[in-house]
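Encoded as structure tokens, the structure appears first; notes follow it.
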Amino acid sequence: MSTGPLPAADATDPATPTDGLSLREVVYQRLRDDILNGRVSPRERLTEPKLGKAFEVSRTPVREALSRLLSDGLVERTDFGYAVVVPSLEDLRNLYELRITLELRGIQRAIENPSVRHDEAALRAELEVWQRLRDEPPEPDASFVQVDERFHQVLSRSSGNAQLTDALVTVNQKIRSVRMHDFVETSRIDATITEHLEILDLVLARHLPEALTALHKHVGESLEVVMERATSAMTRMALAG
């Protein structure tokens, strides 16, 4: 978790601006970023005294930040403070089903309406990113999930429906804590790179039905396979915790 004193502010006053933001907002944003990026273990207990000491602020901005994170559904109350919410398998199934629907819709709308054209410049820039990753594959690491998410956001946004992409971003944030543990094996990294390149090539060539099939296979042609991976990832999370 990224801790340390907050810059240029009176740490005892939750209303003091910090770069234009109140301390309560800065603490909230930093904690939210740590949670969404996997820097807080699901087993870590988040308490007002502990976080106040870590950020060198009073308990008031911490309390307000935790209250907002509770409303966001990112943390839950426990007997000893708060903890990061880990989706249940039922929630994961529902969220993955929604993710698949949102992912496929970006290409489906271009198939249904010939006037919808993907942003070629954005896709070619993303293609270069994945070609470099193919040439120099990264070591397996949970943080690779953010690189993967970027691909899907670019692909979705390139279809021209910003609201569709915003919904996808929200879903990905909710399943990130589980998905990040799916990228700790070289085989998963290699497969992801290969499949992303195939999808980009097909969309750029305007072979949209084939691109839709490839994307569907990539994100979960079989929801059962996806859930098997998710279950395995949750097991890794428990062991890591």
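The values are calculated or read from the model by the stated rules, or taken from the named source; none is laboratory data. Bear in mind the structure is a predicted one, so any value in this text is a computation, not a measurement. Backbone-built Cβ (ideal geometry, glycine too); neighbour counts: all protein chains shown. Note: areas computed on protein heavy atoms with side chains; ligands, DNA, RNA excluded. Shrake-Rupley method; radii C 1.70, N 1.55, O 1.52, S 1.80 Å.
Rounded, prolate or oblate: pick one for the stretch 76-193, where a ≥ b ≥ c are the square roots of the eigenvalues of its C-alpha gyration tensor, a/c under 1.5 means rounded, and failing that, prolate if a/b is larger than b/c, else oblate.
oblate
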- Message: At 0.36 nm per residue, and after removing the present C-alpha to C-alpha distance, how many nm does the segment from H207 to T235 gain when stretched out fully?
- Response: 6.2 nm
- Run the accessible area of the stretch 142-225 with a 1.4 Å probe and give the carbon-and-sulfur part as a rounded percent. 52
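Per residue, how many Å² of accessible area does the stretch 133-241 show with a 1.4 Å probe? If you can, show how the numbers build up before the last one.
On the way: 5120 Å² over 109 residues.
Ligands and nucleic acids excluded, the figure is 47 Å² per residue.
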- Query: Which value, in Å² rounded to 10, gives the accessible area of D34 with a 1.4 Å probe and all protein chains present?
  - Reply: 0
- State to the nearest 20 debye the size of the charge dipole of the chain about its Cα centre, where the only charges are +1 on K and R beta carbons and -1 on D and E beta carbons. 540
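Compute the length gained on full extension between S71 and N161: take 0.36 nm times their separation in residues and subtract their Cα-Cα distance, giving the result in nm to one decimal.
Working: separation 90, 0.36 × 90 = 32.40 nm, distance 2.74 nm.
Gain in length upon complete extension: 29.7 nm.
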- Message: If I ignore ligands, DNA and RNA and count only protein heavy atoms, how much of F144 is accessible to a 1.4 Å probe, in Å² to the nearest 10?
- Response: 10
- Ordering R93, R150 by the accessible surface of their heavy atoms, 1.4 Å probe, largest first, yields R150, R93
- Message: Once ligands and nucleic acids are excluded and a 1.4 Å probe is used, how much of H218 is accessible, expressed in Å² to the nearest 10?
- Response: 30
- Between L46 and residues 5 or more places away or on another chain, which pairs have amide H atoms under 5 Å apart, with H built 1.01 Å from N, and which residues are they? Y82, A83
- A student applying the Cα gyration tensor rule (rounded when a/c is under 1.5; otherwise prolate if a/b is larger than b/c, oblate if not) would label the stretch 81-128 oblate
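Classify the stretch 116-184: rounded, prolate or oblate, from the alpha-carbon gyration tensor (a ≥ b ≥ c, eigenvalue square roots; a/c under 1.5 rounded; otherwise prolate if a/b is larger than b/c)?
Values: a/c = 4.49, a/b = 1.19, b/c = 3.77.
Cα axes put the stretch 116-184 in the oblate bin.
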- Residue separation times 0.36 nm, minus the C-alpha to C-alpha distance between V116 and Q153: what's the value? 11.6 nm
- Accessible surface of the stretch 36-139 [probe 1.4 Å, protein heavy atoms]: carbon and sulfur percent: 47
